1. Using the structure shown, decide if Ala41 is not in a loop (DSSP other than H, G, I, E, B) and not hydroxyl-bearing (Ser, Thr, Tyr).
2. Scan the stretch 6-15 and tell me whether some residue there is among the aliphatic types (A, V, I, L, M) and in contact with a Pro (Cβ under 8 Å, 6 or more places away or on another chain).
3. Being at pLDDT 95 or above, out of contact with any helix residue (DSSP H, G or I) (no Cβ under 9 Å at 6 or more places or on another chain), assigned to a strand (DSSP E or B) and open to solvent by 50 Å² or more (accessible area, probe 1.4 Å) is the requirement here; does Glu3 meet it?
4. Any idea which residue in the stretch 13-42 is most open to solvent (accessible area, probe 1.4 Å), counting only those that are touching a strand residue (DSSP E or B) at 6+ places or on another chain (Cβ under 9 Å) and free of Cβ contacts under 8 Å to residues at least 12 places away in the same chain?
5. If you take the residues of the stretch 44-62 that are assigned to a strand (DSSP E or B) and of a type in the set (Lys, Arg), which of them is surrounded by the fewest Cβ atoms within 10 Å (Cβ to Cβ)?
Amino acid sequence: MREYSFVSIPITRRREGAALEVDYRDVIRERAEHGWEFVQAIPFDAHADPRLDLVFTRKGPR
């Protein structure tokens, strides 16, 4: 059995383009230290509240 975790990183729209409020690489490294494996990044940049969702997984308890 696997368990999943999701982290949402807000996207800020600026004149020069969009920017993430947090560096996604730091989030991935931090989660990896706690046994999580990065699976996928899902952008929701067309939403009213744009964000980037990061998906993580690890083996769950049996």
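1. yes
2. yes
3. Details: at pLDDT 95 or above: yes; out of contact with any helix residue (DSSP H, G or I) (no Cβ under 9 Å at 6 or more places or on another chain): yes; assigned to a strand (DSSP E or B): yes; open to solvent by 50 Å² or more (accessible area, probe 1.4 Å): yes.
So Glu3 fits the description; yes.
4. Filtering first and then ranking leaves His34.
5. Let us first name the residues in the stretch 44-62 that are assigned to a strand (DSSP E or B), namely 44, 51-59.
Still in the running and of a type in the set (Lys, Arg): 51, 58-59.
Values: Arg51: 17, Arg58: 14, Lys59: 10.
It comes out as Lys59.
The values are calculated or read from the model by the stated rules, or taken from the named source; none is laboratory data. All figures in this text were calculated on a predicted structure; none of them were measured in a lab. Cβ sites come from the backbone with ideal geometry, for glycine too, and all protein chains shown count toward neighbours. We work out accessible area using only protein heavy atoms, side chains counted, and drop any ligands, DNA or RNA first. Shrake-Rupley method; radii C 1.70, N 1.55, O 1.52, S 1.80 Å.
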